[in-house]
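Some notes on the structure that comes next.
FYI, it's all coordinate maths here, none of it is from the lab. The structure presented is a predicted model; accordingly, all values stated were derived computationally and were not measured. Here the Cβ positions follow ideal geometry from the backbone for every residue, glycine too, while neighbour counts run over all protein chains shown.
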Amino acid sequence: MMRLCLRITLCVLLLPLTFLAYLVAPFFFLRYDRPLWGSYLRDGFLGRWDGRRPLKFLFLTWGSRGDLQPNVALGLELARRGHKVTVMGSADYSEMVVRHAELKFELFDDPYLWQLAVAFGSSKGDDFLSLVSGYIQNGSAAQIQQYMRAGREADVLFGNHAAMMMLQHVTVAEALNKPLFLLTHDLTLPTADYSFNPSESRVTDYGNVVNMLNHRLFSLLLGAVTTGPGSEIRKLRQSLGLDTSWPFLELLHPLHLAEFPIVWTADPFLWKPGRDHPQHWVATGFLTTDAKAEGENQALEDWLNERDRPVVYFGQGSFDHHDRPTLTDIILDALKELHMDGVALSRTLDGRDLAPYPFLKAVAEVHQDTLFPRCEVVVHHGGAGTASQCIRSGRPGVCMPSMPFQAVWGTRLEEFGAGVVLHHRDMVEAWRTSGVNLLTKALKQAMRPSAQAAAKELKAQSLRQGGTRMAADKVLDILRREALREKFEPEL
């Protein structure tokens, strides 16, 4: 009896340690010398490519505007070098692609995306986890089939390094036997140095332990969902003859990431890469198109030229899970009190007639490269693209995150003294309960001389030029190198 009790006690003690070891161990056993695409790419086209023939690139875009923008920018750069580029995306953002004659647009239908985003932004954890589970189990199969139809004629695929989509993109690459590159603006790429070395980790509000759990525990749980007998993606992988064993279906597993070249669209000054990032990962800064390529909004340009007061930009991204009527009231009140003018995205406001408020201009779209430098302050939602453009403009920012993970950008601004974080919940509660406008206070803080100076210094230090060219150079260099390796070192 005593032996049985002892065994039970040992099991109880060892189980947490075993689980912790499972979480941590992959970071310390990464082998970045593994061949690129080594687990699946066999007898591909690379060995037959002469290094000069134009290639067919396909971007398997998933997400909203900020996810599509880098794909469009890199796609244009590759197209200018003579390659054929197709960019998939939601119908809501098709104009971002079709306005460029060099690119071909392919529709990607994802009816779950908006539900997922609304659940994420609403902070209703149960709804979010339930939707994610269903998304991975069932929606993934339909997405993969769309990607595969579009990808059959492509030579090279680009996917997202994102927990909800990486498995789909890897599955397509495996099934079609195509090389896959990943684009990501995830600020916490899972490597041992970045996750556990306090001197390297710059994501201070995540912390090293939470950073590790973010990539191991969350991906482990999502992976567990895909192994169930009812999982459509598991059935699809089985029908394609692909691996369905544990832990392959554990999404974002660090050992799998080591095989894929990654274009990390984070500014290496703001988010220092870990020293153990492999050579086939390149940090470029956020990729954007040239302002001239996007055309001008002449009505907005005329309106700006008529202003004789400072201008503030207001944008809350692609999703509308904030209280738009209340936010519109708060914006109008702040502009009146501060005697300033404002430019706001139409989807940020509640659609009311702005004729009585000539100091506020609503626009469907803006080109941030040209607008932000003309603003006194940029009020944004903390999306990776908009936040990067705010920093590059040299203007201070007020970050009002629309999703929990976006607060990290505001925290980074605060660390440099170049902006502030303002949470919707706090702002709305103060407005409703006491009539206090926290947006006004945040704008005053962002307009202080010290914040203005810090924003200019941040602009000077951050990576501002060449990111798109750098990414294209790296992509083509990797493909040429791997083509030579297949020709002359087939045994490797």
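Here segment 294-461 is assigned +1 on the Cβ of each Lys and Arg and -1 on the Cβ of each Asp and Glu. Its dipole about the Cα centre then comes out at about 460 debye. Ordering 148, 166 by the number of other Cβ atoms within 10 Å of each residue's own Cβ, fewest first, gives 148, 166. With 20 Å as the limit on Cα-Cα distance, the pairs of 178/272; 272/459; 336/361; 56/104; 56/235 that go past it are 178/272; 56/235. Backbone amide hydrogens, once placed in the peptide plane, bring residue 106 within less than 5 Å of 87, 88, 89, excluding anything fewer than 5 places away on its chain.
Listed values for segment 165-179 are Karplus-derived 3J(HN,Hα) couplings in whole Hz (6.51 cos²θ - 1.76 cosθ + 1.60, θ = phi - 60°), namely 10, 4, 4, 4, 5, 5, 4, 4, 4, 5, 5, 8, 6, 10, x, and x replaces Gly and Pro.
Using only alpha carbons, segment 294-461 has a radius of gyration to Kirkwood radius ratio (Rg to Rh) of 0.93.
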